[in-house]
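Quick notes on the structure that follows.
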Amino acid sequence: MPAETHLFRCLSDNYGVLIRDSETGATASIDAPEAGAVEAALKATGWKLTDILVTHHHADHTDGIPALKQKYQCRVVAPQEVTSKYPFVDETVCEGDKVMLGKLAANVIDTPGHTAGHITYWFHNDQIAFVGDTLFSIGCGRVIEGTHEMMWNSLKKLRDLPDETEIFCGHEYTLANIKFAQTIEPNNQALAERAREAAEEVAKKRPTIPTMLGAEKKENPFLRADVPEVAAAVGMAGRPAAEVFGEIRTRKNNFR
Ligand code: ZN
Ligand code: FE
């Protein structure tokens with residue numbers, strides 16, 4: 001298995017993650033929420049930072065970049081929206097581009113909606129996807145810069161990846177997401193089982209990330225807006241999936 005990953009918590013509820021090509025030693029930080037936390041992770045693993053792969057422009061994903069770039073002279077790869085805001089980007093990428101990390105290859109997928117230029121890095125051979133704030137475990141990111149339709153289309157692209165894909169997302173929101181998801185699908189048995197598992201992990205102070213895409217397809221209401229029972233559950237039977245998605249997203253925004 002040439003790809004190794006190391007996940008760690010930072011800021012209030014962010015995840016940082018390192019991915020390393022064990023053959024060449026090339027190591028990327030996926031986003032850089034906080035330079036100190038990334039450096040601590042490098043120290044803990046003994047890995048040497050060569051790249052930063054950025055998913056979107058928000059500060060809790062980019063604030064650590066300048067200090068890391070200065071210290072490690074690493075390559076910074078990012079979507080155009082980051083390039084236009086910050087001077088430290090070396091390579092701008094978008095859908096169709098391939099990013100090499102040593103001998104590991106990632107396909108770039110445009111996943112706009114949370115931000116207008118958000119991208120996902122899919123390491124297809126390693127069955128790992130870094131989805132930033134587009135897809136969360138049993139949730140999805142807030143639609144801040146795009147439309148509901150745009151976000152739904154991005155989520156559908158991610159849903160098309162193989163079931164065995166490990167999803168690394170930007171935040172630990174799983175328990176709150178499950179609480180909300182159960183208001184949409186109270187009788188979803190797979191979701192109920194996930195609720196038990198996730199509560200156990202959190203009680204043991206373990207991360208609920210990564211999550212498997214195959215499970216998300218069965219349990220995450222935001223990937224299920226085109227399932228007739230889900231549309232019916234929000235009183236929108238027969239309506240277009242993007243509208244059903246919009247209704248679920250709006251309910252989540254107002255959920256306490
Ligand atoms: Zn964000
Ligand atoms: Fe974020």
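Every number here is computed from the coordinates shown, using simple stated rules; none is lab data. For clarity, every value in this text was computed on a predicted model and none was experimentally measured. Quick reminder, even Gly has a Cβ in these numbers, built from the backbone with ideal geometry, and neighbours come from all protein chains shown.
What to note about this one:
- Each label was represented as a point 7 Å from its Cα along the Cα-to-Cβ direction; for ALA40 and ALA203 these points are 2.6 nm apart.
- Taking other residues whose beta carbon is less than 13 angstrom from the beta carbon of GLY96, and scoring Lys, Arg as +1 and Asp, Glu as -1, yields -1.
- Extension reserve of the PHE88-GLU193 stretch, reckoned as 0.36 nm per residue once the Cα distance is removed: 33.4 nm
- Dipole magnitude of the chain about its Cα centre (Cβ charges: Lys, Arg +1; Asp, Glu -1), debye to nearest 20: 500 debye
- Taking the longest Cα principal axis of the chain as reference, the axis of helix 148-159 is set at about 70 degrees.
- Cα-based helix-to-principal-axis angle, 174-184 vs the chain, degrees rounded to 10: 20 degrees
- Take the Cα of SER12, step 7 Å toward its Cβ, do the same at LYS157, and the gap between the two points is 3.0 nm.
- With K and R counted +1 and D and E -1, the other residues having a Cβ less than 12 Å from that of TYR72 yield a net charge of +2.
- Once C-alpha pairs closer than 8 Å and six or more residues apart are averaged by separation and normalised to the residue number of the chain, the relative contact order reads 13 percent.
- Among residues other than ASN177 with Cβ under 11 Å from its Cβ, the summed charge is 0 (Lys and Arg +1, Asp and Glu -1).
- DSSP bridge orientation in the stretch 3-253 - percent antiparallel, rounded to nearest 5: 70 percent
- Bridge type composition, the stretch 1-123 - antiparallel percent by DSSP, nearest 5: 70 percent
- Taking the Cα centre of the stretch 1-107 as origin and assigning +1 to Lys and Arg Cβ atoms and -1 to Asp and Glu Cβ atoms, the resulting dipole is close to 340 debye.
- Lysines with Cα under 19 Å of LYS43, excluding same-chain neighbours fewer than 8 positions away: LYS69, LYS71
- Cross-link reach list, lysines versus LYS218, counting only Cα pairs under 21 Å and skipping chain neighbours closer than eight places: LYS156, LYS157, LYS179, LYS252
- Degrees between helix 189-203 axis and first principal axis of the chain (Cα, 0 to 90, nearest 10): 40 degrees
- Ranked by how many other Cβ atoms sit within 10 Å of their own Cβ, fewest first, the residues LYS205, LYS69 fall in the order LYS205, LYS69.
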